[in-house]
């Protein structure tokens, strides 16, 4: 029965977390997953993480989607907002830099240390602890403040072009500056400066 559930609810390349599967007994689930793995119906990737085996159109063995792994493990663990993308990847996504990140950087409630690096299926992930617990209500504000704290390091643009890109970020996230103001004291002074130089200090008053 659990295999039918997996076939109906998971796509190719999507990681299957034991913790998200239905069932009152985790011991029973583990036994079922082991049985399915032994039969070749599932592939065990890591402790508590599985994958439906598949073959690509090129005839090669299908891999897990690292982006879906990050989404489930760090950004929306348990189906609720628990993290966000940060660092060079964030700067690249909004056009502040053309540099392609060599690793995935996320800030997540799931972090157990201030900063931890791990390699998952050949990809490096850096996980940071947030300055405050991340929720749906404050995610965009914390991500914006992270961006303001690293923009000098990553941005290849300045002046009016940088301001336009910051405005694009604000519009894309529908940023609430009341929430930004509440968390601003948790960040270094350069964040105040970057917000001021960007012409957004008035939004905080």
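Rounded to the nearest 500, what is the 222 nm mean residue ellipticity of the chain from helices alone, with -39500 (n - 2.57) per DSSP H run of 4+ residues and division by all residues?
Per the formula, -11500 deg cm²/dmol.
Against the chain, whose longest principal axis is taken from its Cα atoms, helix 159-173 shows a tilt of about 50°. For percent of Cα pairs over 26 Å apart, computed directly from the structure shown, the correct entry in (1) 45; (2) 27; (3) 38 is (1). Under a Gaussian network description of the chain, with springs only between Cα atoms under 10 Å, the residue in 46, 187, 69 that fluctuates furthest is 46.
Here the extension length gained between residue 182 and residue 35 equals 47.9 nm, from 0.36 nm per residue of separation less the Cα-Cα distance. The calculated FRET efficiency for the pair residue 118 and residue 94, based on their C-beta separation and a Förster distance of 22 Å, comes to about 0.30. When DSSP beta bridges are restricted to pairs lying wholly in region 56-205, around 70% turn out antiparallel. Of the peptides 51-63, 191-203, the order by per-residue mean of other Cβ atoms within 10 Å, starting with the highest, comes out as 191-203, 51-63.
Rule-based calculations on the coordinates, nothing more; no lab input. Not measured: the values here are computed from a predicted model. Methodologically, a virtual Cβ is constructed for each residue, glycine included, from the backbone with ideal geometry; neighbour enumeration extends over all protein chains shown.
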